[in-house]
There are 2 protein chains.
Amino acid sequence: MERPLDRNSYVPLYAQIQQKLRQMIDRGEIAPGAPVPSERELAERYGVSRMTARQALRALRQDGLVYRERGIGTFVARRKVDLHTRNLVGFTEDMRLRGLRPSSKLILLRREKVTQQIANELGIEVGGDVFHLERLRLADGTPMAYESNYVPVDLCPDLDQYDLERDSLYRILEEEHGIRMQSADEILEAARAPRDKARYLSIRAGSPVLVVHRVVYGDNGRAIESVRTIYRADRYRATFHLTKNTL
Amino acid sequence: MERPLDRNSYVPLYAQIQQKLRQMIDRGEIAPGAPVPSERELAERYGVSRMTARQALRALRQDGLVYRERGIGTFVARRKVDLHTRNLVGFTEDMRLRGLRPSSKLILLRREKVTQQIANELGIEVGGDVFHLERLRLADGTPMAYESNYVPVDLCPDLDQYDLERDSLYRILEEEHGIRMQSADEILEAARAPRDKARYLSIRAGSPVLVVHRVVYGDNGRAIESVRTIYRADRYRATFHLTKNTL
DNA sequence: CTCGCGAGGTGGTATAGTCCGCTATCCAGC
DNA sequence: GCTGGATAGCGGACTATACCACCTCGCGAG
């Protein structure tokens, strides 16, 4: 009845179990509030050790899909807020998760000498080369955000060879250059739209906007990009899921 | 040279190691970019198994304090953004971490029949009783935010017996009632300050504000509170640290 | 009838290993 | 000088086992 795990896959066993459980939850096969199989049961069912099954459940809790009670069990969380909490994804993926069709209008793409501030954020030397990318980002064809990226040139020297109106920056970095994102720092603030950005966004200057400043780090600890995104306040809300870091 | 671990403590060994390493990093004893002791070295130094040492390092990575490279080692992260990323803390703790002195002005505290929307967010029945708390929140004596909380009465029937101008709601729930927060969903958006809130915040009506809507869940999966906080955009920026959930 | 206690379940912590893929280093051989 | 191989060290994944604290539930003693 149960498709077994692929022990020759490069996907770790705990990730495979995690994926199966996530599917069951997403499809509603386990109702909110209902118990998920216990660590010991998963271990037996899939022929893995308990510690491996445990990792799968721990990851699901981290994502907010389940909650766990000592002495009781693990249960599907009943949350009212949107499930697609921004887990380190770019605009393209973010919009897709919200059921919108993302597109872009290229404003600027060129090599520049990096400024003091950006160099500081990226942890590179002042005067180094970066790609400066500015795009108007649309959802279902209407303006949603104005995004400005800075990426060190040495990470991706041929970035200007891609069609950044149709392609995702993160896809290029990840799939074409093997640069995997590991973590990010974000600062969110409210502000008034400056005149030039307001024009692109089709809103009046001074309208409220949500400004998201993000520095993304790769799995070698180096900064991959610094990006500043100005969202129309009337069309975008940022969602997060926070977890107390008790493993 | 090294203070050993307390094996009789209720604090898990991995948490003790985690704390020691965190101290060393915070105090700058290990410079950013410098290697942290390896799993095997920690295991030997503290007389624990490697898996235990591993948990400590994993938790530090989750917090963004270190990054790990296979085949190389674990290193202190060099980040430019503030360290105090909002890890599921309330206003009081948030301000303290920012080096500000928090205080409050009580606007409203009463029992109410819960509305449809709040009931939905809290996962309780419409018509149930909740405490409705509204406070103006100050940092170093000047208005910072306007906060509106809803807490189910049955979680904390004597909430109105406390001095909520001087006390922290989360402290009361946690220390006096044993209600521990486990996770939270947050929605952040930019907006214009409504007239009544603007007056409390000492800003002009229509000024941009950062609105944070948060639902906090306890470790039994039940919603603890629904809170809506309106921050002055000129005084507050929300910071997050996001991690790819590969444990 | 109620109370208490234990059996058996759960997640949390910890041990002690194995195997793997990756990286840096260093040295021998070309 | 450069290349290739051995080696040592690293984190990642996984196993098998054990004990703990906690909870629920049912059974038996009073």
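Derivation of every value follows stated rules applied to the coordinates shown; laboratory data play no part. Small disclaimer: the values here were computed from a predicted structure and weren't measured. In this analysis, Cβ positions are derived from the backbone assuming ideal geometry, glycine residues included, and neighbour counts consider all displayed protein chains.
Under Stokes-Einstein, with the Kirkwood radius over Cα pairs as Rh, the value for chain A at 10 °C and 1.306 mPa s is 78 µm²/s. Between copies, A:Gly73 shows label-point distances of 4.7 nm, shortest first, with the point placed 7 angstrom from Cα along Cα to C-beta. Highest GNM mean-square fluctuation among B:His132, B:His213, B:His177, for chain B modelled with Cα contacts below 10 Å: B:His177. Across the identical copies, the label point of B:Gln23 (7 Å from Cα in the Cβ direction) is separated from its matches by 4.8 nm, in order from shortest.
Counting only the backbone N, which residues of segment A:126-144 are under 18 Å from the spot 7 Å out from the Cα of A:Tyr162 toward its beta-carbon? From segment A:126-144, the list is A:130-138. Using a cutoff of 8 angstrom between alpha carbon atoms and counting only pairs six or more residues apart, the relative contact order for chain B works out to 15 percent.
Annotation: peptides B:235-243, A:221-229, ranked by per-residue average of other Cβ atoms within 10 Å with the highest first, follow the order A:221-229, B:235-243.
Mind scanning A:Lys113/A:Lys197; B:Lys20/B:Lys105; A:Lys244/B:Lys197; A:Lys20/B:Lys244; A:Lys80/A:Lys105 and naming the pairs with a C-alpha gap bigger than 28 Å? As for pairs spanning more than 28 Å Cα to Cα, those are B:Lys20/B:Lys105; A:Lys244/B:Lys197; A:Lys80/A:Lys105.
Between B:Arg111 and A:Gln116, the simple label model (points 7 Å from Cα in the Cβ direction) yields a spacing of 6.0 nm.
Peptide B:224-236 has a mean of 1 when you count, residue by residue, the C-beta atoms of other protein chains within 10 Å of its C-beta.
A P(r) calculated from all alpha carbon pairs of segment A:25-106, with 10 Å bins opening at zero, reads 16, 38, 27, 15, 4, 1 percent.
A Förster distance of 30 Å, applied to the separation of the beta-carbon atoms of B:Lys20 and B:Arg78, puts the FRET efficiency at 0.90. GNM on chain B, alpha-carbon springs under 10 angstrom: the most fluctuating residue among B:Val216, B:Val48, B:Val151 is B:Val48. Computed from the alpha carbon positions, the gyration tensor of segment A:12-63 leads to an equivalent ellipsoid with semi-axes of 17, 11, 10 Å, biggest first. When chain B is treated as a GNM with alpha-carbon contacts under 10 Å, the residue of B:Phe131, B:Phe91, B:Phe75 showing the greatest mean-square fluctuation is B:Phe75.
Scaling the Cα radius of gyration of segment A:107-190 by the globular reference 2.2 N^0.38 Å produces a ratio of 1.15. Convert 4 °C to kelvin, take the viscosity as 1.567 mPa s, use the Kirkwood radius over C-alpha pairs of segment A:53-149 as Rh, and evaluate the Stokes-Einstein diffusion coefficient in µm²/s, rounded to a whole number. The estimated diffusion coefficient comes to 76 µm²/s.
When A:Ile17, A:Ile107 are arranged by Cβ crowding within 10 Å, least crowded first, meaning fewest neighbours, the order is A:Ile107, A:Ile17. Apply the a/c threshold of 1.5 to the C-alpha gyration tensor of segment B:120-241 and tell me whether it is rounded, prolate or oblate. Note, shape of segment B:120-241 comes out prolate. Size check on the protein assembly as shown: the Cα extents along the three principal axes, sorted descending, read 61, 60, 57 Å.
Averaged over peptide B:175-188, the number of partner chain Cβ atoms lying within 10 Å of each residue's Cβ comes to 5. The other copies place their B:Lys244 label points at 2.9 nm from this one, listed shortest first, where each point is 7 Å from Cα along Cα→Cβ.
In a fully extended conformation the segment linking B:Val126 and B:Arg98 would gain 6.3 nm over its present Cα-Cα distance, using 0.36 nm per residue. Among A:Tyr67, B:Tyr170, A:Tyr10, the ranking by other beta carbons within 10 Å of each residue's beta carbon, starting with the fewest, stands as A:Tyr10, B:Tyr170, A:Tyr67.
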